[in-house]
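Here's the structure we're looking at; comments come further down.
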Amino acid sequence: MNSRFALLFASIVGLACTTALQTTHAQTIQPTGPVQQVHTGFEFTEGPAAMDDGTLYFTDIPNNAIHRLSADGKLSLLTDQSNHSNGLWPLSNTKLLACEMDGAVVMHDLSSESPKRIVLADSFNGKRFNACNDLVVDNHGGLYFTDPQYRAPEPWPQTERCVYYLANFETDPKVTRLTGDIEAPNGIGLSPDGKTLYVIPSMQAEMLAYDVLGPGKIGPSRVLCKLKQPEGETSRGGDGMAIDVEGNLYITTHLGIQIFSPEGEPRGIVAFPEIPANVTFGGPEFKTMYATARKSLYSVEMPIAGFRGAHLAVCVIMRTVGRFGSRLRRQWLVSSVRPLDRWC
């Protein structure tokens, strides 16, 4: 690959992954617009997940529902039999992953008018999961998910609250337990380079980080940061999380969304009228931060684009580069990202 092509390719990749990537050197990250209530009237919203086509999905756990918000603002119901789905993950525009608190990780095939639910994993060592909560996909065909105690039957089917890895989930799923008991592991995420796994416990102030040694292999836990606490409390944890393209973490807490640098330094708090449970990025430039907060869905514009994840980034790159045909040696690009193009 000659230098001119390398330069052009780098420019296209940068444009496709985030059209307005900015580096903010200030100590704080603040919204660029007001917090707006998008919809309300739900019971307990969770699991926002933004598709590449602009569609946003989110859950309403007590009502057993997954809702769909189209790019033009139309709200509709995907299902009212979600098995108390909590966290969602946008695998592609036609594939939506879900953690069901009734004890399973599933995929919804949205390619037809009648979506199909496919169970990826519902047990470990012969026993159902406690209450699968949230998940994140890596770029090796696997996913990490948390399994705390919320809504779990008594006694807990899994006697510990752990993080798991589901390898080859679309072809030959295999579940591995990665951790011992954690104080209610809830939100989970990967750094943009895939080298760090973050886990957000709900019953301790310390947020955890693990070095990723390989697909489904992590090192010992370390404390990344400590959440700011509501007055009079000392061990209030977080819930969901999102990451931006610079690797900053956005953690939902009782005080709002607390933002931390990849090194664990506090970079600000975004307050909401209701306590946020989960968060993601969407919108045309992926700078719209969506927060599910109790009975409502909120949005707010942010200065830094959210990280789409390797699978969605590859889809955008391939479609963008494809418009330029052979001039950008599209075939070379396709072969370079072949392990991920099944998601596009």
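The values are calculated or read from the model by the stated rules, or taken from the named source; none is laboratory data. The model shown is predicted, which means the values in this text are computed figures rather than measured ones. Every residue, glycine among them, receives a Cβ derived from its backbone with ideal geometry; neighbour counts consider all protein chains shown. Keep in mind that these areas ignore ligands, DNA and RNA; they rest on the heavy atoms of the full protein, side chains included. Shrake-Rupley method; radii C 1.70, N 1.55, O 1.52, S 1.80 Å.
Quick notes on this structure:
- Selection over the stretch 36-69 of residues that are polar (S, T, N, Q) and assigned to a loop (DSSP other than H, G, I, E, B) gives a count of 3.
- Failed item in (1) open to solvent by 10 Å² or more (accessible area, probe 1.4 Å); (2) in a strand (DSSP E or B), with D72 passing the rest: (2)
- Wholly within the stretch 113-189, strands (runs of 3 or more DSSP E) carrying at least 2 residues that are open to solvent by 40 Å² or more (accessible area, probe 1.4 Å): 116-121, 174-177
- Restricting the stretch 287-302 to residues that are assigned to a loop (DSSP other than H, G, I, E, B) and open to solvent by 10 Å² or more (accessible area, probe 1.4 Å), the residue that is farthest from P192 (Cα to Cα): K295
- The residue list D172, D193 contains one member that is of a type in the set (D, E) and within 24 Å of D109 (Cα to Cα), which is D172.
- Selection count where residues are open to solvent by 20 Å² or more (accessible area, probe 1.4 Å) and modelled with pLDDT of 95 or more, scope the stretch 269-286: 9
- Positions within the stretch 244-268 being part of a strand (DSSP E or B), open to solvent by 10 Å² or more (accessible area, probe 1.4 Å) and either in contact with a Ser or Thr (Cβ under 7 Å, 6 or more places away or on another chain) or within 15 Å of V300 (Cβ to Cβ) (or both), in sequence order: R267, G268
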